[in-house]
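Structure first, commentary second.
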Amino acid sequence: MTRKSKTFRLGPRPRLVFRSCTADVRIRGWDKEQVELLLRQESETMSVREVEGGLEISTTVPLTANVPAETTAAVEDCTGDLRVEALDELFVNKHRGDLSLSQVKRIEIAAVYGDVGVRGSQSLHVTTLNGDLQVRGAGGKVAVVGVRGDVSLKETSGQVSLHSVTGDVSILDSDGDVEIHDLNGDVEFGGNLQSGQCSIETNGNVAVYLDPSSNAHLELEAPHGRVACTLKLGGAQESAHRLTGALGNGAAQLKVVAHNGDIKAHQRRATKVRHESERERARAEARTRREAERAQRRAEKLRRKGERLEEKARRRSERLAQKAQQRRRRSMRVAAQARVAKKNLEQERLAVLRMLAESKISAEQAETLLEALGG
């Protein structure tokens, strides 16, 4: 249960910068013109600094931020899972952790180590991602450069550009232009093509699944592999490593080059859709497993840290006990030395008095000696 909160009134379009955070962060857009920062426990702390037109935030504990929908958020040099919903703009740079972004209009991501999921964006730009990328329902422009992981795009509209990808790519039900170059991995492309230009170049295999009602001109080339096609193409021209032809009126253009792989083009069937759903479910299960493993690693890290703190506290307690015992021993030695000194002083005083009684010294001499002895 959330117990601690801070509220800031910054107007309808604030700018929030999350810098050097080391815990999970959730940013949610709402219809209020204020920023609310929520922590899970009252003892947890964060650093918040007000700057012109916004806030700069740093936290080491999980944080939820409710913000105006037209907020611009920047996440820089952070560690932990990031979840963002219903926001105007988001910039992520140098991040370690998974990203889940839903209904964020404009997104720019750079130097991320983790999986990224995007749903319902109007503009997406990804540069240098070490992890899987899944995009669904994106419009406008999707530009992806430098990915080490699998890429899945579904139901996109507008312009899609993928470059420098090491991993498999799946593009399904895309409505618009698609350009894929400099890819080391297999490609799956499917849907109902009616317009636009699609260009795919890869060093892996390519599987094309098109609805029979598509209107597309196909140009398939595998310089060092085979081209297999079961589609009923009009005006088909086929050679050892190349096939051209059209479905319907050929309004859309699909060009595929598999430099070191094979190309297969088939009719999209209901079984294919079911297989896609099964693969999606398998990927979701894999993500869940990875998240559980990360949570287990974090829990183990916290457990080891607790053990170290407990051991440190035990050693400190032992040192304090040893010091207290040493102080007691010193006090006992000092007391014993004081008792011996007092006893010696009394004996010396008695010796002076005996000499006075035996007339060995005068009264003046005795008085001088007693004063010298402190009494």
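The values are calculated or read from the model by the stated rules, or taken from the named source; none is laboratory data. Worth saying up front: this structure is predicted, and the values here are computed from it rather than measured. Quick reminder, even Gly has a Cβ in these numbers, built from the backbone with ideal geometry, and neighbours come from all protein chains shown.
Side notes on the structure shown:
- Cβ-Cβ distances below 9 Å connect the following pairs, each with a first residue in the range 10-30 that is on the phi < 0 side of the Ramachandran plot and of a type in the set (S, T, N, Q), a second residue that is crowded, with 16+ Cβ neighbours inside 10 Å and assigned to a loop (DSSP other than H, G, I, E, B), and a separation of six or more residues or different chains: Thr22/Val61; Thr22/Gly80.
- Members of the range 90-107 that are under 15 Å from the mean Cα position of the chain (by Cα) and within 18 Å of Val142 (Cβ to Cβ): Leu90, Phe91, Val92, Leu99, Ser100, Leu101
- Candidate set: the range 56-83, residues that are of a type in the set (A, V, I, L, M) and part of a loop (DSSP other than H, G, I, E, B); chosen: the one nearest to the chain's Cα centre (by Cα): Val61
- Lys32 vs. criteria in a loop (DSSP other than H, G, I, E, B) and of a type in the set (Lys, Arg): yes
- Of all residues making up the range 196-211, the number that are more than 10 Å from Ser174 (Cα to Cα) and outside any strand (DSSP E or B): 4
- Ala86 in a strand (DSSP E or B), under 16 Å from the mean Cα position of the chain (by Cα) and either of a type in the set (A, V, I, L, M) or surrounded by fewer than 17 Cβ atoms within 10 Å (Cβ to Cβ) (or both): no
- Every condition in (1) in contact with a Ser or Thr (Cβ under 8 Å, 6 or more places away or on another chain); (2) over 22 Å from Val75 (Cα atoms); (3) acidic (Asp, Glu) is met by Glu201 except one, and the failing one is (1).
- Close pairs (7 angstrom Cβ cut-off, 6 or more residues apart or separate chains): closer than 16 Å to Gln347 by Cα in the range 357-374, acidic (Asp, Glu) and outside any loop (DSSP other than H, G, I, E, B) anywhere: Leu373/Glu348
- Being hydrophobic (A, V, I, L, M, F, W, C), surrounded by 15 or more Cβ atoms within 10 Å (Cβ to Cβ), in contact with a Cys (Cβ under 7 Å, 6 or more places away or on another chain) and modelled with pLDDT of 80 or more is true of Ala265.
- Asp31 vs. criteria at pLDDT below 95 and either acidic (Asp, Glu) or more than 18 Å from the chain's Cα centre (by Cα) (or both): yes
- Hey, Leu243 among the hydrophobic types (A, V, I, L, M, F, W, C) and under 25 Å from Asp150 (Cβ atoms) or not: no
- Selection within the range 163-215 - under 24 Å from Gly146 (Cβ atoms), more than 31 Å from the chain's Cα centre (by Cα) and of a type in the set (D, E, K, R): Asp177, Glu201
- Selection from the range 313-333 of residues that are among the aliphatic types (A, V, I, L, M) and either loosely packed, with under 10 Cβ neighbours inside 10 Å or farther than 30 Å from Leu373 by Cα (or both): Ala313, Leu320, Ala321, Ala324
- Lone unmet requirement of (1) at pLDDT 95 or above; (2) more than 23 Å from Leu10 (Cβ to Cβ) for Gly120: (1)
- Hits in the range 114-148 - residues which are of a type outside the set (Lys, Arg) and surrounded by fewer than 18 Cβ atoms within 10 Å (Cβ to Cβ): Gly120, Gln122, Ser123, His125, Thr127, Thr128, Asn130, Gly137, Gly140, Ala143, Val145, Gly146
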